[in-house]
Amino acid sequence: MKSFCDQTYRCCYMVLAVLLVTGCTALSVPPEPEEIPPPVVEAPTPEEMLPPEEAPPIGDSARGPVVTPEETLLRQQLEEHVRFQKLLEDLARYSNLSAEESQRIQAELSGRISATAQGADNGSRIRLAYLQSLLPSGLGDQRALLMLETVIKNEKASASFQHLANILRTQIQEKRQTLQKLEALRDIDRLQLEERIPDNRIPPPIPTPTAPPKRP
């Protein structure tokens, strides 16, 4: 009986020892950390990818929309086209002017050219040169050529105005050559006439015949 009790106590002691060892081991091992899911990153929208707009400086809102250099160049080309078409219409109209109207317009153009900066009013110079070229006997050709030369050599003048001035200059030069040829033909005709009548002498008058005397 005593031996049975000893065995029982021994078994209980061993069980308690195992439980103690297991409990201490469980307390000494830290618990495994819980897995934290990675954060979900959403893709940016196209609007969010654009750079932030810069705030306009103070005062720009009152100036109106911003004009690009391309728009400025296009506007200048359109304005130049309108001025060139108006110039062609005026030149066509000048051919039918009276002498008084031509003098009045020439006075207005001369005043306009004098009031503007040098080379600034190329259209007025071409108009005045054309009116000068219409004067009879080429009296205004030399002045017209000088004004057209100013437009051709002006670096600020547009290509269309320079081309038109060059055409008018060529026409005036050809007209002057034609007038010079006509004057040379007049000189030749004058010399031939002088050869026919030397020293411009008038031939002697023809004597008037007298009647014969009557017989008694």
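The values are calculated or read from the model by the stated rules, or taken from the named source; none is laboratory data. Because the structure is a prediction, the values reported are computed rather than measured. With ideal geometry, Cβ positions are generated from the backbone for all residues, glycine too; neighbour counts draw on all protein chains shown. The accessibility values were calculated without ligands, DNA or RNA, using every heavy atom of the protein model including side chains. Shrake-Rupley method; radii C 1.70, N 1.55, O 1.52, S 1.80 Å.
Observations
- Residues in region 68-101 that are open to solvent by less than 90 Å² (accessible area, probe 1.4 Å) and among the polar types (S, T, N, Q) were compared, and the one that is nearest to residue 157 (Cα to Cα) is 85.
- Selection within region 124-161 - open to solvent by less than 50 Å² (accessible area, probe 1.4 Å) and farther than 21 Å from residue 102 by Cβ: 152, 154, 157, 158, 160, 161
- Answer residue from region 170-216, given it is among the charged types (D, E, K, R) and modelled with pLDDT under 60 and is surrounded by the most Cβ atoms within 10 Å (Cβ to Cβ) among those: 201
- Among residues of region 117-165 being over 18 Å from the mean Cα position of the chain (by Cα) and not in a helix (DSSP H, G or I), the one that is modelled with the lowest pLDDT is 118.
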